[in-house]
Amino acid sequence: MPELPEVETIVRALRDGGRGGSSLKGRLVSGVELFWPKTLASPALADFSTQIIGQTIDDVKRRGKYICLQMQSGWLLIHLRMTGDLRVEEIAQTGYLPHDRFALIFSDGGRMVFNDARKFGRVWFDKTPENIFNKLGMEPFDDSFTPAVFSESIKNKKKQIKTLLLDQSFIAGLGNIYTDESLHRAGIHPLRMASSLTEQEVENLFNAIRSTLQEGISRNGASIDWVYRGGEFQNNFRVYQKTGQACLVCGNIIERIVVGQRGTHFCPICQPERVV
DNA sequence: CCTGAAACCTGTCTGC
DNA sequence: TGCAGACAGGTTTCAG
């Protein structure tokens, strides 16, 4: 489910309220519930609880696809992976839902619940987020991410461009949807070697990544099936899951191939395999 | 070191 | 209707 735009949408709701819940800022944590032990990656539950209970949530941020709850004693980091979702409930609720894996209980009677059908999602707590942040690559909307920086970092990469864009240690936040959509906007075939891109193609890709992610955020992310609701970007897909349909730009049929074990959608006319 | 496949999981949809 | 198989927004681990 969640790539940068979906995570950003969730973070804004947790920070400012919205999406059916109110803000987490200023909430005092009074308890922790863990229904699927593996969801808590580290530390062990006893230490985790000791560190979290009694803390107040100062701020909610995003880095790549990580949701970051900043507290006085450190950072609670959450990764939703494929099917994770967070909801904030007020007052005393009757019970939990199927697939609820973890919850933070607040002193005001509310709670934040982590629901995750496929159990891939993870939660961490650490005094500093650097252990995780240090492994992440460029942040697409950071001022330090520029066409020049992007060009410099990409030119020696001997990897297919689709695989490279999915590598979170290269650029953080792109997933399967936004990678396919960005490559179509940039007119670049997913199997092109990163190092073979021309300066113009790299610049086009830079602009495509930012504009695609920005449009995703402005539409509150993409809602494709039963996972993650409220987004509208799925109505504006150009290639993702449009195999066999006509390309909106040139009318040719959208094709599907597998790249790095991921379904990959592209237009063979708009995204030629060889530069002509 | 790099690459590709498998693993981690459950739910949905398609085709026989 | 039932059932096997494919596929799904992601990342880590393991084999070669």
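All conditions but one from (1) under 20 Å from the mean Cα position of the chain (by Cα); (2) away from DNA strand B (no atom under 16 Å from the Cβ) apply to A:ILE188; the one that does not is (1). For A:ILE161, the criteria (1) of a type outside the set (Phe, Trp, Tyr); (2) loosely packed, with under 15 Cβ neighbours inside 10 Å; (3) under 21 Å from A:ILE254 (Cα atoms) hold in every case but one, which is (2). Within the set of pairs 6+ apart or on separate chains, which have a first residue in region A:204-218 that is within 15 Å of A:GLU3 (Cβ to Cβ) and in contact (Cβ under 8 Å) with a residue 24 or more places away in the chain, a second that is among the acidic types (Asp, Glu) and in a helix (DSSP H, G or I), and C-beta atoms under 6 Å apart? Listed pairs, sorted by first residue: A:THR212/A:GLU181; A:ILE217/A:GLU8. Can you name the residue in region A:199-240 that is more than 15 Å from the chain's Cα centre (by Cα) and not in a helix (DSSP H, G or I) and is also farthest from A:GLU152 (Cα to Cα) among such residues? The extreme case among them is A:TRP226. Of all residues assigned to region A:84-97, at least one qualifies as being in contact (Cβ under 8 Å) with a residue 60 or more places away in the chain, under 19 Å from the mean Cα position of the chain (by Cα) and either within 16 Å of DNA strand B (Cβ to nearest atom) or not assigned by TED's automatic domain parsing to the domain that holds A:ASP126 (or both). In region A:156-167, the count of residues that are at positive phi and not assigned by TED's automatic domain parsing to the domain that holds A:ARG12 is zero.
So for region A:215-224 (the condition being modelled with pLDDT of 95 or more, exposed (fewer than 15 other Cβ atoms within 10 Å of the Cβ) and within 16 Å of DNA strand B (Cβ to nearest atom)), does at least one residue qualify? No.
When A:ILE10, A:ILE78, A:ILE105 are checked against the criterion of being aliphatic (A, V, I, L, M), surrounded by fewer than 20 Cβ atoms within 10 Å (Cβ to Cβ) and touching a strand residue (DSSP E or B) at 6+ places or on another chain (Cβ under 7 Å), a single residue qualifies: A:ILE105. Of the strands (runs of 3 or more DSSP E) lying entirely inside region A:31-129, those carrying at least 2 residues that are away from DNA strand C (no atom under 16 Å from the Cβ) and farther than 22 Å from A:PRO2 by Cα are A:57-63, A:100-106.
Might you check whether a residue that is in a loop (DSSP other than H, G, I, E, B), without any contact (Cβ under 8 Å) to a residue 12 or more places away in the chain and either closer than 30 Å to A:PHE114 by Cβ or within 12 Å of DNA strand C (Cβ to nearest atom) (or both) occurs anywhere in region A:251-261? Scanning region A:251-261 turns up at least one residue that is in a loop (DSSP other than H, G, I, E, B), without any contact (Cβ under 8 Å) to a residue 12 or more places away in the chain and either closer than 30 Å to A:PHE114 by Cβ or within 12 Å of DNA strand C (Cβ to nearest atom) (or both). When restricted to residues that are in a helix (DSSP H, G or I) and either over 19 Å from the mean Cα position of the chain (by Cα) or hydroxyl-bearing (Ser, Thr, Tyr) (or both), region A:130-160 contains 8.
Checked against the criteria, A:GLY137 counts as within 16 Å of DNA strand B (Cβ to nearest atom) and in contact (Cβ under 8 Å) with a residue 24 or more places away in the chain. Among the residues of region A:3-56 satisfying the criterion of being closer than 21 Å to A:GLU232 by Cα and at pLDDT below 95, which is farthest from DNA strand B (Cβ to nearest atom)? Filtering region A:3-56 for residues that are closer than 21 Å to A:GLU232 by Cα and at pLDDT below 95, the one farthest from DNA strand B (Cβ to nearest atom) comes out as A:GLY17. When A:VAL123 is tested against the conditions (1) over 16 Å from A:PRO37 (Cβ atoms); (2) at pLDDT 95 or above, the lone failure is (1).
The values are calculated or read from the model by the stated rules, or taken from the named source; none is laboratory data. Since the structure is predicted, the reported quantities are computational estimates derived from the model, not experimental observations. Virtual Cβ from ideal backbone geometry, glycine too; neighbours counted across all protein chains shown.
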